Amino acid sequence: MEIRAIGCEPLQLKRMHIKDSHTLKVYLETGGYQALNKALNMTQDQIIEEVKKSALRGRGGAGFPTGIKWSFVPRSSPKPKYIVCNADESEPGTFKDRYLLERDPHAVIEGMLIAAYALGAQTGYIYFRGEYKYLIDIMEKALEEARAAKFLGKNILGSDFSCEIYTHTGAGAYICGEETALLSSLEGYRGHPRMKPPFPAVEGLYGCPTVVNNVETLTAVPQIIEMGGDAWRSLGTEKSGGTKLWSVSGHVKRPGVYELPMGYRDMEKFIMEDCGGMLRPDKKLKAVIPGGSSVYIMNADQIIGKGVTMDYEGLVEAGSAVGSGGFIVMDETVDIMESTKNLTEFYKHESCGWCTPCREGTDWLVKIFNRIAEGRGRPEDAQLLLDICDNIEGKSFCPLGDAAAWPIQSAIKRFPEDFKKWLFKNVNGDKIVANVEVEAV
Amino acid sequence: MATTVPTDFTNQVLYTDEVAEFSPEVIEEMKSHLKKYPPERKRSALIPLLFIVQRERGYIDAPGINFVAKFLDLTVTDVWETATFYSMFHFRPIGKYHIQICKTLSCKIMGEPEITNHICKKLGIKPGETTPDGKFTLSMVECLGSCGTAPVMQIGFDYYENLTPEKVDQILDSLE
Ligand SMILES: Cc1cc2nc3c(=O)[nH]c(=O)nc-3n(C[C@H](O)[C@H](O)[C@H](O)COP(=O)(O)O)c2cc1C
Ligand code: SF4
Ligand code: FES
């Protein structure tokens, strides 16, 4: 598996190929904890201002501007404040956080400490997906080292800032990556999402102001403090600052974690050159899901010769989204009805059951997909799938419902042939009854 | 929730007066988790403690639930309620080695079906089943966060990546 930066100096991936990069010794030798030192000599507002200037947007999937999120925390509130690192990483196609946690755990700690200082938090939790147990073990060692070296605990680096960070484990539930469900889970409850507002920044963990940030968001923070918000932003574009990690999987020669500057051009070159091209050279590119399973699937015509820019604006323009950066490449051997069925099974399994549209809707979607896959599809089934999606999208309690609908809507619209083939198996003629026009967002 | 993960309660005792016992070392380990959370928020330690119960007792059973409820000042229902939400907890005994094959998209298109077939044939079981000697349980699970090295499985908590039938043979044959 490849781990490398293209089109920029490795920043997030700076330590990936250094031996023992997970140790404090190597971290310090490579400039670690200098940003923390610098931050402790800045005011809280100055730090938030730098993060705002950097145009850093949350790397967990929603892309919310990090500096703005931080500024929502009522720092004057008498309640304790919390910083929570979201290491639940369960969006299909996404595995970048895993390598940051495995090989650069101190960068996560440093990012959390700077955030904690800026927000007035004294406690941080890292919520790992349960399957990442080996990463919890690595993190525990890193935390111990940091504690021993006084980067963690009381009066950090001689300042009056004190902070503790703890690991916490999930136990197999994709929904616990959603920030409010994560907090329910961290409190020891079933992982059901909570109503927003109040947003976690105001009422989060234990009812206290809480910022939840993705691993990659937090590891960007020391870089921003070190080089300054403007300099970090200028690595990317005006609106999409800095660099971004892409987890590449599927039918390419060199899958892996790639760091690209925001605004990298273009997606075709990325697939065909940077990732080594198609795994089987005689098989053509058919589809790409560029931002994790929850974003719109793209067909080859939307990519080849289109100069798609790899950033938030570029991908929306091209008809999809950055999401979590889980970049899944599929060649012509993949049947998009089947791939969409696979993802729908995922959402059905992971639906937390809290609200009816998502719980019942995903169940029905899978039933219809099963019927289609068994060769008993009916011409009207494409429309039926879309109708159910319409009853889930925008009508569910949390974004998981939307995430279940989007892959289906985009797949039927962009790969009608792959559905026709199944739905008209036993019917004469080739006219699809369903209206397969879907409004793109 | 999952149909292919052994989480069903068929023939399981859900309520008993018996309370599980653990060694002093294990109790210490449990206490170390409590230190992470505010004293009035002990419930936060529930999932970490359930993992310990599962490790020590092989699965989560009613006496184990009773212990955790007492330990955290919760009701037995509180503990069941949380435990049954999470797919990594199981409520009946499983094999010594829990093979969990990722069935999600990237693994699926990179050869998961071949791997699953191979393992089923080799062990003579289907997903959700345990070998008669109690050595292996096979489950199909969702994305393991390892899509770049697909196809992938976990045995217990260990990752096995870039699987081929030959590699699977080596791995399974090496397990005592
Ligand atoms: C169903 C669902 C699953 C999510 N899973 C994750 C996840 O695994 N990791 C993550 O960082 N964010 C995940 N998110 C996004 C979080 O809700 C939240 O926006 C994010 O952790 C905030 O951090 P950021 O602003 O740094 O991205 C998920 C959201 C939804 C709706
Ligand atoms: S949309 Fe799905 S995951 Fe979200 S609250 Fe409703 S049932 Fe749960
Ligand atoms: S799809 Fe199998 S590990 Fe992600």
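Read-outs: derived from the displayed coordinates by stated rules, not from any lab. Since the model is a prediction, treat every value here as computed from it, not as a measurement. Glycine also receives a Cβ, built like all others from the backbone with ideal geometry; neighbour counts cover every protein chain displayed.
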Selection count, the range A:385-406, where residues are in a helix (DSSP H, G or I) and either within 15 Å of ligand 2 (Cβ to nearest atom) or closer than 16 Å to A:Thr356 by Cβ (or both): 14
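So is A:Asn342 of a type outside the set (Val, Ile, Thr) and without any contact (Cβ under 8 Å) to a residue 24 or more places away in the chain or not? Working first, answer last.
On the way: of a type outside the set (Val, Ile, Thr): yes; without any contact (Cβ under 8 Å) to a residue 24 or more places away in the chain: yes.
Yes, satisfied.
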Selected residue (criterion: nearest to A:Tyr258 (Cα to Cα)) from residues of the range A:84-125 that are of a type in the set (Phe, Trp, Tyr) and away from ligand 1 (no atom under 14 Å from the Cβ): A:Tyr99
A:Ile328, sole failed condition from (1) within 14 Å of chain B (Cβ to nearest Cβ); (2) not in a strand (DSSP E or B): (2)
Subset of the range A:51-72 [within 16 Å of ligand 2 (Cβ to nearest atom) and surrounded by fewer than 20 Cβ atoms within 10 Å (Cβ to Cβ)]: A:Ala62
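Residue by residue, here is whether (1) in contact (Cβ under 8 Å) with a residue 40 or more places away in the chain; (2) closer than 14 Å to A:Ala5 by Cα; (3) of a type in the set (Lys, Arg); (4) touching a strand residue (DSSP E or B) at 6+ places or on another chain (Cβ under 6 Å) holds:
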| site | (1), (2), (3), (4) |
| --- | --- |
| A:Gly207 | yes, no, no, no |
| A:Thr219 | yes, no, no, no |
| A:Asp230 | yes, no, no, no |
| A:Phe270 | yes, yes, no, no |
| A:Gly277 | no, no, no, no |
| A:Gly292 | yes, no, no, yes |
| A:Ile297 | yes, no, no, yes |
Every residue from the range A:396-419 that is within 16 Å of ligand 1 (Cβ to nearest atom) and more than 14 Å from chain B (Cβ to nearest Cβ): A:Ser396, A:Phe397, A:Cys398, A:Pro399, A:Gly401, A:Asp402, A:Ala405, A:Trp406
Matching residues, the range A:345-384, being under 19 Å from B:Thr104 (Cα atoms), within 13 Å of ligand 2 (Cβ to nearest atom) and touching a Ser or Thr at 6+ places or on another chain (Cβ under 9 Å): A:Phe346, A:Tyr347, A:Lys348, A:His349, A:Glu350, A:Ser351, A:Thr362, A:Asp363, A:Leu365
Test for B:Gly145: is it touching a helix residue (DSSP H, G or I) at 6+ places or on another chain (Cβ under 6 Å) and not aromatic (Phe, Trp, Tyr): yes
Positions within the range A:143-188 being more than 13 Å from chain B (Cβ to nearest Cβ), of a type in the set (Asp, Glu) and within 23 Å of B:Thr77 (Cα to Cα), in sequence order: none
Output for the range B:126-159, where each listed residue is assigned to a loop (DSSP other than H, G, I, E, B) and facing another protein chain (nearest Cβ under 8 Å): B:Glu142, B:Cys143, B:Leu144, B:Gly145, B:Ser146, B:Ala150, B:Phe157
Members of the range A:299-319 that are surrounded by fewer than 24 Cβ atoms within 10 Å (Cβ to Cβ) and either part of a strand (DSSP E or B) or touching a His at 6+ places or on another chain (Cβ under 6 Å) (or both): A:Asn299, A:Thr309
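For the structure I just gave you, tell me whether A:Asp363 is more than 16 Å from ligand 3 (Cβ to nearest atom) and either within 12 Å of chain B (Cβ to nearest Cβ) or under 26 Å from B:Gly111 (Cα atoms) (or both). Walk me through how you get there before you give the answer.
Details: more than 16 Å from ligand 3 (Cβ to nearest atom): yes; either within 12 Å of chain B (Cβ to nearest Cβ) or under 26 Å from B:Gly111 (Cα atoms) (or both): yes.
Yes: the conditions hold for A:Asp363.
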Where B:Tyr37 falls short, out of the listed (1) within 12 Å of another protein chain (Cβ to nearest Cβ); (2) in contact (Cβ under 8 Å) with a residue 12 or more places away in the chain; (3) buried (at least 19 other Cβ atoms within 10 Å of the Cβ): (2)
Selected residue (criterion: nearest to the chain's Cα centre (by Cα)) from residues of the range B:65-116 that are within 16 Å of ligand 3 (Cβ to nearest atom) and assigned to a loop (DSSP other than H, G, I, E, B): B:Met88
Residue match in the range B:97-120 (condition: touching a residue at least 40 places away in the same chain (Cβ under 8 Å), of a type in the set (Phe, Trp, Tyr) and either touching a strand residue (DSSP E or B) at 6+ places or on another chain (Cβ under 6 Å) or at positive phi (or both)): yes
Positions within the range A:249-290 being basic (Lys, Arg) and in contact with a Leu (Cβ under 7 Å, 6 or more places away or on another chain), in sequence order: A:Lys253
Search result, residues across the range B:125-176 that are within 16 Å of ligand 1 (Cβ to nearest atom) and of a type in the set (Asp, Glu): B:Glu142
Of the criteria (1) at the interface with chain A (Cβ under 10 Å from one of its Cβ atoms); (2) touching a strand residue (DSSP E or B) at 6+ places or on another chain (Cβ under 6 Å); (3) hydrophobic (A, V, I, L, M, F, W, C), which one B:Leu74 fails: (2)
Selection status of A:Val322, away from chain B (no Cβ under 14 Å) and assigned to a loop (DSSP other than H, G, I, E, B): yes
1 or more residues more than 16 Å from ligand 1 (Cβ to nearest atom) and surrounded by fewer than 24 Cβ atoms within 10 Å (Cβ to Cβ): qualifying helices (runs of 4 or more DSSP H) within the range A:172-266: A:215-227, A:229-233
Enumeration of residues in the range A:255-308 that are within 16 Å of ligand 3 (Cβ to nearest atom) and of a type in the set (Ser, Thr, Tyr): A:Ser293, A:Ser294
